1. Let me check I've understood the local charge: for E151, count other residues with C-beta under 12 angstrom from its C-beta, Lys and Arg +1, Asp and Glu -1. What total comes out?
2. For the range 49-168, compute Rh as the Kirkwood radius over C-alpha pairs and then the Stokes-Einstein diffusion coefficient at 25 °C and 0.890 mPa s; write the answer in µm²/s, rounded to an integer.
3. Mind listing the phi-derived Karplus ³J(HN,Hα) values for the range 117-122, rounded to whole Hz, using 6.51, -1.76 and 1.60 with θ = phi - 60°, and x for any glycine or proline?
4. Per q in 0.16, 0.18, 0.20 Å⁻¹, report the Debye log10 I(q)/I(0) for the range 131-172, using one uniform scatterer on each alpha carbon and no solvent.
5. Please compare each pair in K61/K208; K61/K82; K61/K164; K112/K133; K66/K87 to a cut-off of 27 Å on the Cα-Cα distance and tell me which ones are over it.
6. Give me Rg/Rg_expected for the range 106-214, where Rg uses Cα atoms only and Rg_expected = 2.2 N^0.38 Å with N residues.
7. Residue by residue, what Karplus-based ³J(HN,Hα) values in Hz, rounded to whole numbers, does the range 73-88 have, using 6.51, -1.76 and 1.60 with θ = phi - 60° and x for Gly and Pro?
Amino acid sequence: METLTAFHKTYHTQPMKNLQAILIGLLILAVGFLFVKQSKSAAGNTTSDTKAKKETSASPKIVFVKGDTLLDKYDVFQTQIKALEAKGKRMEANLSARGQALQREFLAAQQKAQSGTWAPAQIQQEEQRLVQKQQALAQDQERMGRQIQEERLKIEQDLEKKIKSLLEEVRKEKGYDYILNYGQATGVLMADSTLDITPEVLKRLNIKPAEKKE
């Protein structure tokens, strides 16, 4: 009886101990697996976060130019504008002289008409002639003004095209992401002076064709 009891105890107790050991072993393995997986996941997240931070921290390369300075100191543009202004002044002087001469003709015709030296037909004829001259003067004034505006617009368009082409060349060469225009009414309120590339751009603008070939 004691042998059966001992066997019973051994039979029922030993499997329980074995089962507990197996469960504990499986639990350890499971915990170990989860730990390794979590460590890899954390490492992966850390790598991803680090990569994302590096990508985020890579700020764009931004510089600026002073547009008003480029206009004031670009030799070709200033030469063209001064020549156009001189042309406009000559036109204005011509129109002014013609206007003053026409005014004198009006006064002379008025005096003759009032003195009675002209017949009504002559007065009417002279009046028509002077009105035609006045209309022609007004048309010439409008045409010359439009001509000056068109020529200035052409100069400004050529300038804009040249500056954009040069800035694109500088941007690619230096690896800039943005080139801003800094000045009044440009939307850029403050800027670090070390980011100013105006002198370099101006130097390239003023290079003469012969110097470029060299």
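Every number here is computed from the coordinates shown, using simple stated rules; none is lab data. Predicted model, so just to flag it, every value in this text is computed and none were measured. Note that each Cβ is placed from the backbone with ideal geometry, even for glycine, and that neighbours are counted across all protein chains shown.
1. Every neighbour counted, the sum reads 0.
2. 124 µm²/s
3. 7, 10, 6, x, 5, 5
4. One equal scatterer on each Cα of the range 131-172 leads to -0.56, -0.61, -0.67.
5. As for pairs spanning more than 27 Å Cα to Cα, those are K61/K208; K61/K82; K66/K87.
6. Ratio of Rg to 2.2 N^0.38 Å for the range 106-214: 2.20.
7. Running phi through 6.51 cos²θ - 1.76 cosθ + 1.60 with θ = phi - 60° gives 10, 7, 4, 4, 4, 5, 5, 5, 5, 5, 5, 5, 5, 5, 5, x Hz.
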